[in-house]
Structures are given as structure tokens and as C-alpha cells.
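The values are calculated or read from the model by the stated rules, or taken from the named source; none is laboratory data. Keep in mind that what you see is a predicted model, and the values were worked out from it rather than measured. Cβ sites come from the backbone with ideal geometry, for glycine too, and all protein chains shown count toward neighbours.
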Amino acid sequence: MDLTALARRREVVLLVLIALLLAAVGARAPVFLTPASLGDVLTDTAILLMLACGQMAVILTRGIDLSVASNMAFTGMCTALLSKYHPELPIAVTLALAPLIGFCLGAVNGALIAWVKIPPIVVTLGTLSAYRGMIFILSGGASVVTHEFSRPYLDFPRQSLFGVSALLWIALVVCAGMAVFLNFSRTGRSLYAVGGNPLAARYVGIGIERCQFLVYCLSGAIAGLCGYLWVSRYAIAFTEVAFGYELTVIAACVIGGVSVAGGIGSVSGCLLGGLFLGIIGNALPVIQVSPFWQMAISGFVILCAVIVNSRSEARKGKLILRETEPPVPAPLQVRPETPS
Amino acid sequence: MTSLRYEVADRRKAAAADFWLRWEVLLLVLLGIVMLVNSRLSPWFLDYYNLLDSTFNFSEKAIMALSMTLIIVTRDIDLSVASIIALASVFMGLAAQAGAGVPLLVLIGLATGLLAGFANGAIITRFQIPAIVVTIGTMSLFRGIAYVVLGDTAITSYPAGFSWFGQSYLVWSIPFEFVLFLVLAAVFGFVLHFTTTGRRIYAIGNNPVAARFSGIPVDRYRLVLFTLNGLMAGLAAVLLTSRIGSTRPNIAAGWELEVITMVVLGGVSIMGGSGTISGVFIAVFVLGMMTFGLSLMNVPGIVMSVFVGVLLIASIAVPILIRRMLRR
């Protein structure tokens, strides 16, 4: 692969940008570049990375899942209440239950989209509201706070194995699993086909409905798992947990080069996109910029990313008519006069 | 034999079911049910003054829903409207702090909205990027600017006369905001359904490429519609800021989804090319009356969102399922 082709790859560009960003922040505050600090950044971003992977699978099929944040908050509240009222339950139950609840919420989205044929944005917009409201009904508006959780509930993601927190291990496993699934399994590849050209996918015998249902279940299950991890990490569960976070997740995908038109995207791009946002969020307080800048900066970054994306995508494959040499005009023929 | 050998396949004979399955009719029935249930459950619901005052809660969103309808009919979407409100409100607040008069404040609010909408449209049409991605970006950017300017403070120093726009009543104690919505709804309905511009907007939504080939300047239309949508958000910002008399960076948070819910519930297809202003008009009342009724019964706002979400999905799913059953 020659150098220009390498430079055109989204992942390489992002990697360079992240390096520049780290260098710039490191110049202002060298403490940011210590392994401990970088480890914290990774741990802080782990949840975003997992969610971005799930979201990417959905966007690949030309869908969108706006309900992830609500799903996460609902599942988080479920596990929190379980931990509060049944502290004796082993952590394995929570770990199994969280993705399961998320899966069920995702399956509702998936069924409505795949078989009732309601556009994804409408369904997930509806469940975004509905799931969020269900948290309030479930908890009666009360929050579950630090001392009410059982010890293992809070401790599990903080355990460290080979110097890496369990939270990060889980993120690694989920992201690696997604990468293997999307790149090496038949179903994973068919997701790209469904998004790239649904009609062609149908003709080669791919079950589009099955694929759609699957991605929303997957995104839901990941959101559910992240719900537990989020609540455990911040040690509080309340109705507004992760309010509006779905847009950050989608932003991470978009920055990572996932095309909302479907069919284009990679796990590595997603991870880098998520890391980029995570580093910005963590770096601002370190270089003493008010955290209120974070939203404006990420908005600006998203816009830049999509403009760059549009440049690189526009020329590929969409050009059907090419300019050719102007046709040589045929020599004029004098038609014989028709007798009138 | 005088009958035709072929019949036009896409023009079916009108059946009674078609009328009853028309979106506007279904919505009217739904509105009737909502009114009936509410009036049974609360003795204060069917009160003239209560009902008129309840319009304060949805007039601003309803005004934005009108221009959002046009955007969605052309297959686009604008997620940044609530952030435009925040941005416009912040600039009005800064101007008010600097001692600007009421006309200047209104002008600043409208101009900010107009420019923000133009920025959306310009990026979308210049770079040919899907509207949903661009407006997710500007949604973050516009509200982000509001946060940068205000941090965790609020601006409340508005001149006394400014409260007129959001708090005043016209004749028969009808709120000014509500009258404005009715007038704008008539204008939008006229433009969309009775002018060439309106027909072209449908054409763009049905098939942008075909529309372009038949000579419609598609990108110019989209640019104008996004600018218009920004202007309407600016207008909503004027009304809302005037009504609550303060500006916080989280003003109108989450409104973009409520506005889109109004439009989609109104029967406008998110895939573009279909939908009516009258449908959206009725949907505004369905949602408005439902939330008003629930609030009379002391249901917290967050629980209402369950009803709104379920209503949105069910209102689309049920007709689809009924049609599917009828076809069997």
C-alpha cells in the first residue's frame, strides 16, 4: 500500500489527529500523558466505545438507534434496585441480567422496525421517550445512591487484572467480539450488504428483516451491559442518567467514518472516534479550559468530520456518468427531398 | 364491450375503509377520545380559560412543527431546532444586558435563528451530507456556544415590555402565541397545498433526482427550507424567552424530539413526500390536550413521555397492522 492510500484511510487520519491532540495537551500539561492518567481516560471512555460499536452495527444497516441512552438508564436502574433490595445476589446474576434486559428492550425496537416496518428513527424516537419514562415509574422518581448499593455491585468494574480495570477488559472483549463478528462471520458481512444495497442483498438471499432485528437486539444488549457499568462507575442511579448520550454515541460513529447512508464503517474507526471525543472531554479540565466548552468543541469536531467524510465518500462509486471525449459529430447527410 | 381493457393500477376505487383509515380522520377520532377521557377524569378540563391557557404549553413547539413539516416532507430532518432556540435566547439575553430595546431584541432573536438555519442548510447542500448528521453536529455546536457564554448562570434582565410576546392575550383571552400559531398554520397550509412551491416540495420529497431533472432547483429549496426552519426556531425563542423571562443554556432541552413527534404523529412520512399540514395541526392538539389532561391529574412530565412515546409508535403501527389484516 503506498503512502497516499494510507494517508487517505480514515483510521490513519484519526490516529494522527489523536496523536496531535495528545501532543498539544501534553505540551500544556505533561501530567496528562502519564500512563496512570491515560489509563483513566481509557476507562472513562470504555462505555462510549462499547456503545459506539453497537450503534455502528445498527447504522451499517441504514438504521439508527436513538434509544440507547434511555435503554442504558433503564437497565442501570433495574440492576441498581436489584442490588439495593437483594444485596445477597452474586454479581454474576447482575452481569447476566443487564445485557438480557437491554436485549429485550432492543428486541422491541427490532421487531417494530423489521416486521411492522416502521422507520427506525420513528421507533427509537418513541422508545427513547418511553424507556426514559419507565425509569421514573419503576423507581418512583427516587434515586439509588452510593451507600445503598451492595459492595460487589460497585467493586466489580473497579477490580484490576494485569493492571487493567475490569471495565476496560469488558470493553475490550465486547469491541473485539464485534470486530470478529462484523469481519469474519457470515451474518456480520451480510450487515454490510444490507446497508450497502438492500435490494441486491434481498436478491442474493439475505434475510433483511433478520439482520435488522439482530442489530437492534445487539445494540440493546450492549446498552444494557453498559447501563450496569455506568451506574456502578458513577455509583448513582437516577431518572436522568446519561440524558442525551445517544447523540454522543452517534457522534463517535460519525467521527469514526461510519456512513449514515449505511454499509460503510469499521470497529477500529468507531473506537478511534470514541477515543477522540473521550480525550477531548478528559483533557479540557486538565488544561484548565472550562468544561462548558466541551459541547461546542465536540459539535465543531463532528461537523469537520462529516465534511471530511463527504469529501472521501462522494467520489467513490456514486459517479455513474463519466465525462468522455466529446462524440465526433456524424457527417451531415443530405436527405433526398420527399415528394409532396 | 364498452369497459376498458386495462385499469390504472395505482388508482384504486375509493372504499369506505379508505376514508376511515385517512390519517386526519384517525387523528380526529383520537383527539375526540383524548378530550372525552380527560373531561371524564378531571372536572377542570373542559373550562374555557383553562383550555386556552393550556395552549401556552405547546404553541412554540407547534410553530416549529409547521416548518419542520416542510423539512420532513423533503426527506430531510433538523435536530438542531432546540439548540437554535438556546443560541437565539442567549444572544437576546446578551443584548438585553447591554440595554437593547424590545424591537431590537426580537430582531436579534429572529436573525440568530435565520443565520443558524442558513448555516445548517448551507453545509447540507454545499457538501451533500445527510441532514441528520449535520444537524446532530450543529445541535451540539449551537447549544455548546450557549453553554460557553452562560456557563451555569442565567440571564433574567429583560426589559418590561418584552414579556408581551409570550404572556399577552388578545380578544376573548386568547393568547397571542396561539393566534400566531393559527395564522402561521394557515399560511403554511396554503403554501404547501395550494401553490407551485408546495407541489415542488412534495416532488422533491418523492424523488429528489427526478425533481432535479424536471427543473426544480432542489438544493436551493432545501437551503431556503432550513433557513425558514431556523427563522421559526428564532421566533419560538422570542416567544419562549418572553414567556419565561429568563435564559439558561439548557432552555428548550429535548424539544427537537417533541417537535418531530408532533410532525410524525401528524402523518408526515419520515421517508418524505407525503403528509399534510392539517394532520400536523390536529396532532399538535392531540399531544397538547393529552399532556394537559395528564398534568391536571398530577402525572409528572417524565411519565407523560411514556404516553407520548407509545402514542407515536402505536399511531403508526396500528394503521399498518390494520391494513395488513384487511389485505388478507
Any hit, segment A:115-122, residues being closer than 21 Å to A:F243 by Cβ, part of a helix (DSSP H, G or I) and free of Cβ contacts under 8 Å to residues at least 12 places away in the same chain: yes
With the structure loaded, tell me whether B:F178 is more than 8 Å from chain A (Cβ to nearest Cβ) and either surrounded by 14 or more Cβ atoms within 10 Å (Cβ to Cβ) or under 30 Å from A:R62 (Cβ atoms) (or both) or whether it fails that test. yes
Can you tell which of A:S129, A:S143, A:S219 is under 21 Å from the mean Cα position of the chain (by Cα) and within 14 Å of chain B (Cβ to nearest Cβ)? A:S129
Unmet requirement for A:F243, which otherwise passes all of (1) under 15 Å from the mean Cα position of the chain (by Cα); (2) at pLDDT below 85; (3) within 12 Å of chain B (Cβ to nearest Cβ): (1)
Test: A:L42 is within 24 Å of the chain's Cα centre (by Cα), modelled with pLDDT under 85 and closer than 27 Å to A:L225 by Cβ: no
Residue that is farthest from the other protein chains (Cβ to nearest Cβ), among those in segment B:301-328 that are of a type outside the set (A, V, I, L, M, F, W, C) and exposed (fewer than 15 other Cβ atoms within 10 Å of the Cβ): B:R328
Which listed residue is surrounded by 19 or more Cβ atoms within 10 Å (Cβ to Cβ) and either in contact with a strand residue (DSSP E or B) (Cβ under 7 Å, 6 or more places away or on another chain) or at positive phi (or both), from A:G269, A:G273, A:G299, A:G262: A:G262
Exactly one condition in (1) within 14 Å of another protein chain (Cβ to nearest Cβ); (2) within 12 Å of the chain's Cα centre (by Cα) is not met by B:I63; state its number. (1)
Criterion first (closer than 17 Å to B:F142 by Cα, touching a residue at least 40 places away in the same chain (Cβ under 8 Å) and surrounded by fewer than 24 Cβ atoms within 10 Å (Cβ to Cβ)) does B:G254 satisfy it? yes
Please tell me if B:S83 is more than 7 Å from chain A (Cβ to nearest Cβ), in contact with a strand residue (DSSP E or B) (Cβ under 7 Å, 6 or more places away or on another chain) and of a type in the set (S, T, Y). no
When the residues of segment B:244-257 are narrowed to those that are assigned to a helix (DSSP H, G or I) and touching a Ser or Thr at 6+ places or on another chain (Cβ under 8 Å), which ends up nearest to the other protein chains (Cβ to nearest Cβ)? B:L257
Flagged in segment A:285-304 as free of Cβ contacts under 8 Å to residues at least 12 places away in the same chain and either closer than 12 Å to B:Y147 by Cα or within 7 Å of another protein chain (Cβ to nearest Cβ) (or both), in numbering order, are A:S290, A:P291, A:F292, A:W293, A:M295, A:A296, A:G299, A:F300, A:L303
Filter segment A:142-171 for residues that are assigned to a helix (DSSP H, G or I) and loosely packed, with under 15 Cβ neighbours inside 10 Å and give the result. A:T146, A:H147, A:R151, A:D155, A:R158
Tell me the residue from B:T112, B:T153 that is farther than 20 Å from A:C304 by Cβ, out of contact with any Asp or Glu (no Cβ under 6 Å at 6 or more places or on another chain), at pLDDT 90 or above and of a type in the set (S, T, Y), please. B:T112
Just to check your reading of the model, which residue among B:R212, B:R200, B:R248, B:R220 is of a type in the set (D, E, K, R) and in contact with a Phe, Trp or Tyr (Cβ under 7 Å, 6 or more places away or on another chain)? B:R200
Within segment B:122-174, track down each residue that is facing chain A (nearest Cβ under 9 Å), crowded, with 20+ Cβ neighbours inside 10 Å and outside any helix (DSSP H, G or I). B:I129
Among B:I260, B:I282, which is the only one that is within 14 Å of chain A (Cβ to nearest Cβ) and either in a helix (DSSP H, G or I) or under 14 Å from the mean Cα position of the chain (by Cα) (or both)? B:I260
Among the residues in segment B:286-300, are any at the interface with chain A (Cβ under 8 Å from one of its Cβ atoms) and at pLDDT below 85? yes
Taking only pairs six or more apart or across chains, which ones have beta-carbon atoms under 7 Å, a first residue in segment A:185-212 that is in contact (Cβ under 8 Å) with a residue 12 or more places away in the chain, and a second residue that is polar (S, T, N, Q) and assigned to a loop (DSSP other than H, G, I, E, B)? A:L191/A:T61; A:V194/A:T61; A:G195/A:T61; A:C211/A:T61; A:Q212/A:T61
